[in-house]
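Below is one structure; the comments refer to it alone.
FYI, it's all coordinate maths here, none of it is from the lab. As the structure is a prediction and not an experimental result, all values here were calculated from the model. Backbone-built Cβ (ideal geometry, glycine too); neighbour counts: all protein chains shown.
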Amino acid sequence: MDFTKLDGLIPAVIQDAVSNEVLMVGFMNEEAWTRTQTTGYATFFSRTRNKLWMKGETSGNRLKVLSTLVDCDDDTVLLKVEREGDGHVCHTGERTCFYRTAEPR
């Protein structure tokens, strides 16, 4: 993976492996990427808290990685996951972070 383009980070698109629904987008640094591969659970780098966090570490709504795809530029990853817990991924309590429609300006 090429971690040089976004100050050491790569975007990680998270997709439900069964429904193909896009659940969220997070960022990974090299340590989060390695931990995700090692543990089999999605781990991200929080830009606001400046630390690693595993999705669901407090809520139990973990994301088990079933497959990993890398884009052609080697700087973005797509994780196909199985939801654990109640299946809600968004911190707002929604099943996905993409639940709002953009309104025209």
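Among the GluC sites (Glu not before Pro) in segment 47-99, those placed in a DSSP loop whose Cβ has at most 16 other Cβ atoms within 10 Å are Glu57, Glu84, Glu94.
A crude spin-label estimate for the pair Ala102 and Ala17, with each label 7 Å from Cα along the Cβ direction, gives 3.1 nm. The length gained on full extension between Glu82 and Thr39, counted as 0.36 nm times the residue separation minus their Cα-Cα distance, comes to 14.1 nm. Inter-part distance, segment 54-91 to segment 7-26, computed on C-alpha centroids, equals 6 Å.
A P(r) calculated from all alpha carbon pairs of the chain, with 5 Å bins opening at zero, reads 2, 13, 24, 25, 19, 11, 5, 1, 0 percent. With each label modelled as a point 7 angstrom along the Cα→C-beta vector, the Ser67-Arg47 pair spans 2.9 nm. Looking at segment 1-67, the trypsin sites (Lys or Arg not before Pro) that sit in a DSSP loop and have at most 16 other Cβ atoms within 10 Å of their own Cβ are Lys5, Arg47, Arg49.
Restricting the chain to chymotrypsin sites (Phe, Trp or Tyr not before Pro) that sit in a DSSP loop and have at most 13 other Cβ atoms within 10 Å of their own Cβ leaves Tyr99.
Exposure proxy ranking for Val77, Val22, based on other Cβ atoms within 10 angstrom of each Cβ and starting from the fewest, stands as Val22, Val77.
The dipole here belongs to the chain: it is taken about the Cα centre, uses +1 on the Cβ of Lys and Arg and -1 on the Cβ of Asp and Glu, and is about 380 debye.
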